[in-house]
Amino acid sequence: MEIDNNNYLSYTHLNIVAFSFAHGGAMGDPGGIIIIDAEGQTYHANYAYGDNHLDPHHINDVIPVFSDIKLSLLGGRSENDEWEVVNLGYGNTLVLRRDLSLPFHKAAEDAHFEHVGQLYQQWERIVLSLLRKG
């Protein structure tokens, strides 16, 4: 589902378990935000590009914990103990609910990725797999 300026108020009560954030110049989907909720539903928004983008001022409305995340070009950190920040490389960051952190890292390690780009390509699959198991 696409979240934009026209419909973002319909998505202010999601039970988010993970989301990715791409800086405006990131590789992949520059300005893209992918959200996964506890039911395994995936949502997409873009705060930088597109005719119906999500205004950056509304990101906190959809992702309240976003205000607790301090992002940089090299990843970031969380000021909220319930969330972990994972650098996906190339200007992309994953923010993961802490209860999924250990299983996520184990699954990523077991996948034997050879470079960070592979984690960027597979993080959604890993999170969705963990939700199905849980």
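The values are calculated or read from the model by the stated rules, or taken from the named source; none is laboratory data. Source: prediction; values computed, not measured. Cβ atoms come from the backbone with ideal geometry, glycine included; neighbour counts cover every protein chain shown. Note: areas computed on protein heavy atoms with side chains; ligands, DNA, RNA excluded. Shrake-Rupley method; radii C 1.70, N 1.55, O 1.52, S 1.80 Å.
Put simply, of 131, 102 the only residue that is in contact with a Gly (Cβ under 6 Å, 6 or more places away or on another chain), at pLDDT 95 or above, of a type outside the set (Val, Ile, Thr) and open to solvent by 30 Å² or more (accessible area, probe 1.4 Å) is 131.
Scanning region 32-89 for residues that are among the small types (Gly, Ala, Ser), over 23 Å from residue 113 (Cβ atoms), surrounded by fewer than 16 Cβ atoms within 10 Å (Cβ to Cβ) and free of Cβ contacts under 8 Å to residues at least 60 places away in the same chain turns up 50, 67.
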